[in-house]
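A.B. asks: Sending over a structure as structure tokens; questions will come in a sec.
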Amino acid sequence: MVGLGNPGKEYAQTRHNVGFLVLERLASRLDAGFVKKGQDGIVAEAHRDNGKLTLACPMTYMNHSGSFVRYLACYSNVEPQDVLVCFDDFALRLGRLRIRRGGSAGGHNGMQSIIDHLKSSDIPRLRVGIGDPSGRPTKDFVLSGFAPAERPVLKEAVDRAAEAVLEAVDRGVEAAMNRFNAEPAA
């Protein structure tokens with residue numbers, strides 16, 4: 001499981017760091033602590049009934065995430081289809097989740113870096129909606145924080161995304177898609 005974001009306190013609570021927030025929540029639920037792995041990332045390991053789950057956050061900045069993911073995939077002998085990447089998506093309503101088995105990066109530079117480094121677009125991904133920039137420059141929007149009124153929706157989305165990851169690990173990506181791609185209850 002890979003969560004995408006940018007390192008540093010100035011980015012910690014921004015929209016672009018939703019992938020990190022999901023992995024932090026997941027690590028907390030699984031009682032797993034993050035440790036530095038090489039120069040470019042942090043990882044936490046948890047054990048599930050069906051094996052080990054590695055949670056990874058590249059610390060290379062979003063647009064260069066693929067190098068650390070490739071390093072981990074090679075180190076762990078993991079195929080691209082066995083990696084699940086979680087990241088923000090402003091094309092989705094705030095709080096909405098979308099899980100896919102693969103496809104294009106959809107304009108997300110972090111996901112594109114991973115596709116390029118793993119030389120495959122058959123990489124499962126979990127996109128978390130961060131809302132519409134509504135005419136704001138995209139870069140400014142994704143690097144902005146959440147408004148106080150948005151935070152309860154974000155918290156619920158992060159909780160649901162962590163649950164979706166566990167569903168994908170335990171029952172498969174298809175089961176997670178069936179359960180979590182629907183609109184959340186109001």
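A.B. asks: Mind checking which of A105, L55, I115 is farthest towards the positive end of segment 1-148's charge dipole, using Cβ charges of +1 (Lys, Arg) and -1 (Asp, Glu) about the Cα centre?
C.D. replies: It is A105, whose Cα lies furthest towards the positive end.
A.B. asks: Calculate, for N50 and R136, the FRET efficiency according to 1/(1 + (r/R0)^6) with r their C-beta to C-beta distance and R0 41 Å; round to the nearest 0.05.
C.D. replies: Numbers: r = 43 Å, r/R0 = 1.04.
The formula returns an efficiency of 0.45 here.
A.B. asks: Assuming R0 = 30 Å, what is the FRET efficiency of A147 and E183, from their Cβ-Cβ distance, to the nearest 0.05?
C.D. replies: On the way: r = 21 Å, r/R0 = 0.71.
E(calc), rounded to 0.05, equals 0.90.
A.B. asks: Right, another one. Taking a cut-off of 25 Å between Cα atoms, list the lysines near K155, but don't count ones fewer than 8 places away on the same chain.
C.D. replies: K9, K139
A.B. asks: Rounded, prolate or oblate: pick one for segment 1-105, where a ≥ b ≥ c are the square roots of the eigenvalues of its C-alpha gyration tensor, a/c under 1.5 means rounded, and failing that, prolate if a/b is larger than b/c, else oblate.
C.D. replies: Values: a/c = 1.29, a/b = 1.21, b/c = 1.07.
It comes out rounded by the Cα gyration axes.
A.B. asks: Rounded to the nearest 5, what % of the DSSP beta bridges within the chain are antiparallel ones?
C.D. replies: On the way: 16 of 24 bridges.
DSSP beta bridges in the chain are roughly 65 percent antiparallel.
A.B. asks: Further question: What order do you get for K37, K119 when you list them from fewest to most C-beta neighbours inside 10 Å?
C.D. replies: Values: K37 19, K119 9.
Listing K37, K119 from fewest to most nearby Cβ atoms yields K119, K37.
A.B. asks: Also: Per residue, what volume in Å³ does the convex hull of the Cα atoms of segment 116-167 enclose? Working shown, then result.
C.D. replies: Values: hull volume 6.2 nm³, N = 52.
Once divided by residue count, the hull of segment 116-167 is 119 Å³.
A.B. asks: Let me ask you something else. Of P124, P137, V18, which is farthest towards the positive pole of segment 2-180's charge dipole, taken about the Cα centre with +1 and -1 on the beta-carbons of Lys, Arg and Asp, Glu respectively?
C.D. replies: P137
A.B. asks: Also, I was wondering about something else. Report the extension gain between A12 and V78 in nm, rounded to one decimal, defined as 0.36 nm multiplied by the number of residues separating them, less their alpha carbon distance.
C.D. replies: 20.9 nm
A.B. asks: Treating only the Cβ atoms of Lys and Arg (+1) and Asp and Glu (-1) as charged, compute the dipole magnitude of the chain about its Cα centre; round to the nearest 20 debye. If you can, show how the numbers build up before the last one.
C.D. replies: On the way: 24 positive and 22 negative charges, 39 e Å.
I would put it at about 180 debye.
A.B. asks: In addition: Gaussian network model of the chain, Cα springs within a sub-10 Å range: biggest mean-square fluctuation belongs to which of R98, R171, R25?
C.D. replies: Greatest mean-square fluctuation among the candidates belongs to R171.
A.B. asks: Divide by every residue of the chain the summed helix terms, -39500 (n - 2.57) for each DSSP H run of at least 4, and state the resulting mean residue ellipticity at 222 nm, rounded to the nearest 500 deg cm²/dmol. Walk me through the numbers on the way to the answer.
C.D. replies: Details: 6 runs with 68 residues, N = 186.
It lands at -11000 deg cm²/dmol.
A.B. asks: Relative contact order of the chain, please, whole-number percent, based on alpha carbon pairs below 8 angstrom and at least 6 residues apart. Provide the component values of the computation, followed by the final result.
C.D. replies: Values: 355 pairs, mean separation 47.0, N = 186.
This gives 25 percent for the chain.
Any read-out appearing in this document is the output of simple, stated calculations on the displayed coordinates, not a laboratory observation. Just so it is clear, the model here is predicted, and its values are computed rather than measured. As a convention, Cβ positions derive from the backbone with ideal geometry for all residues, glycine included, and neighbour counts pool all protein chains shown.
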